[in-house]
Structures are given as structure tokens and as C-alpha cells.
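**Q** Shown below is the structure under consideration.
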């Protein structure tokens, strides 16, 4: 959904991972302004997903964050103080009740994506898992949720922000 500093193409929203192989999912949600290219912290995963889901047709700009403009200092800088990962633009918002979770592998080589179900009984790791869950638990379908509302496309790991031991392992 985005690209950052080393790949200055279109501004997009990144996420940051706090540690390699850790159980904590995302430490900070942020979006890059489409006008000044400064990074703005997004207060919640839900708000971030809303921005990400409409990024191409409605790019994020500083003025969309209350009380901010492009004249203000960036909220966060792209640097090596944390591992950055960048989502694809227009990834669908996670359906209500489900939680999209991503885990960065210990060696920093890949991110694994899954969804936690509202009833906590399953972790959905594939579109087939989603289809089977929605068939088995129609009460969570609400008549509008389908497999297309789930994306297993994983964010791009920004290799230049991986800790040295992980960055070397990811190239192997």
C-alpha cells in the first residue's frame, strides 16, 4: 500500500513492527502525506484501515488529521529505530469483529498474515479457511461478508530498517 524513503514513488501508508519475531503486532500506524510526504501517526488500526482501503481514490494528506497541516513537523521519521513494513493501497478493511494480524518471522524474511475470528475459535490463514468459517458460522456473515473482504497479501518489509542480524538472514 505504500512505499517509503528508499523508494520515492507514490506516498503510501506504512506500518511498523516493534521487534523481529515478537508477539506484539504493530507498534505504530502511520500514513504518508501525498503532498508533503511527511509521516503522520494514525491513532487506531481502524482509522488506518479506513485510510488504506481508499488510498488510491482518496489519498491521505496532512489536513485530514485534525489540527495538522503540511507546515507542521512530521509525527514520525522513517529510520532504523524500528522495522517498517508497507501495506498495499486499497487493501480491504477488515470486517467488523475480525482482527487482521501479521507476524514478522524471526529472520525478517517474510510476514505471515491471518485473521482472528470474532468468536475466537479460529485463526483464518487462507481464503478457504474464511469460506469454511463463514459457512460454518453464518451469524458472523451478516449477509454482506464474503471472502473478498479478506486480504492475505502481506506488507512489504523495508529491508533497510531490519536489525543487522535479521537483514543478513533475510537475504539468504
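Throughout, read-outs are computed from the coordinates displayed, never taken from laboratory work. This is a predicted model, so every value here is computed, not measured.
**Q** Starting from the alpha-carbon convex hull of the range 90-151, give the projected area averaged over all orientations, in nm².
**A** 4.7 nm²
**Q** What do the square roots of 5 times the Cα gyration tensor eigenvalues come to for the range 14-171, in whole Å, largest first, as semi-axes of the equivalent ellipsoid? Spell out each step's value before the answer.
**A** Details: eigenvalues 159, 97, 27 Å².
Each semi-axis is √(5λ); the values are 28, 22, 12 Å.
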